[in-house]
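Presented below is the structure to which this report refers.
The values are calculated or read from the model by the stated rules, or taken from the named source; none is laboratory data. Note that the coordinates shown come from a computational prediction; the quantities given were computed from them, not determined experimentally. All Cβ positions, even for glycine, are placed from backbone atoms using ideal geometry, and neighbour counts span all protein chains on display.
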Amino acid sequence: MTTLINRFDIGAIAKECNLRYMVETGTGTGHSMYENAKYFKRVYTMEIHKKTYDIAQKTLQTVPNVKLYNLESMRALPMILPLLNGPTLFYLDARFPGNMMGEPINLDEELSLNVPAQRELNFLLANRRLGHDVIIIGGMHIWSDGPFGAGPFTSRKELSTANPRPMLRQFEASHRSTLLYKDEGYLILMPKQIAL
């Protein structure tokens, strides 16, 4: 997995969109958050996989504005949303717990744990006005075909992931969407009032 810092100028996005908070699902080893926390008042990040969480905890222990959770995203997000009283960057990148640590993808595990981005996005839509927020969804090759840098996701049929397009229609009035094919693919939802 390529980190967020390798693909986006988070500082420029935070400044241009006046973002005060960042929420990341799928902390990984914490290196992206370590570099990006300086652009935000407060950062919330969650990692379900205990070994990966332990590494992230060490990586982030000196970053005072980061709150790290060892929880599944759908347990952490309800606690975090009430704390966000300003524009926020949501980076939905949780998928395949343990895979970053070399563990094989467990296709028998519940889909919502393997690929929770759709549940996360549905939760945000139901519980937050997202008009001024920026949303980046990683791992788009799981849902879409295309010339992704990481190549095709060959286990899509086994996962039976749903097409996210109907859900994304809810953003048409407020956000511009851009699909990037670098790495495993990113979908960027940017507020329309921001011209980057």
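Would you please list the contacts, defined by Cβ atoms under 6 Å and residues six or more apart or on different chains, that run from a residue in segment 60-84 that is among the acidic types (Asp, Glu) to a residue that is at pLDDT below 95? Short answer, once both residue conditions are applied: Glu72/Ile48. Selection of segment 117-150 for residues being at pLDDT 90 or above, part of a loop (DSSP other than H, G, I, E, B) and either under 20 Å from Thr27 (Cβ atoms) or small (Gly, Ala, Ser) (or both) yields Gly131, Asp133.
For Arg20, the conditions (1) under 16 Å from the mean Cα position of the chain (by Cα); (2) within 20 Å of Ile188 (Cα to Cα); (3) among the charged types (D, E, K, R) all hold with the exception of (1). When segment 1-58 is filtered for residues that are buried (at least 23 other Cβ atoms within 10 Å of the Cβ), small (Gly, Ala, Ser) and modelled with pLDDT of 90 or more, the ones remaining, listed by number, are Gly30, Ala56.
Looking across segment 177-195 at every residue that is surrounded by 15 or more Cβ atoms within 10 Å (Cβ to Cβ) and among the charged types (D, E, K, R), the one that is nearest to the chain's Cα centre (by Cα) is identified as Glu184. Taken across segment 72-87, residues that are among the hydrophobic types (A, V, I, L, M, F, W, C), modelled with pLDDT of 90 or more, touching a helix residue (DSSP H, G or I) at 6+ places or on another chain (Cβ under 6 Å) and crowded, with 22+ Cβ neighbours inside 10 Å do occur, with at least one present. Of all the residues in segment 97-116, those that are touching a Pro at 6+ places or on another chain (Cβ under 9 Å) and modelled with pLDDT of 60 or more number 0.
Total residues in segment 9-55 satisfying the condition of being among the β-branched types (Val, Ile, Thr), more than 14 Å from Leu89 (Cα to Cα) and not in a loop (DSSP other than H, G, I, E, B): the figure is 2.
Write out, first by first residue and then by second, each pair whose Cβ atoms fall under 8 Å of each other, whose residues are 6+ apart or on separate chains, and whose first residue, in segment 22-48, is closer than 15 Å to Asp9 by Cβ and free of Cβ contacts under 8 Å to residues at least 60 places away in the same chain while the second is in a loop (DSSP other than H, G, I, E, B) and among the charged types (D, E, K, R). Here the result reads Phe40/Arg20, each pair linking segment 22-48 to a residue that is in a loop (DSSP other than H, G, I, E, B) and among the charged types (D, E, K, R).
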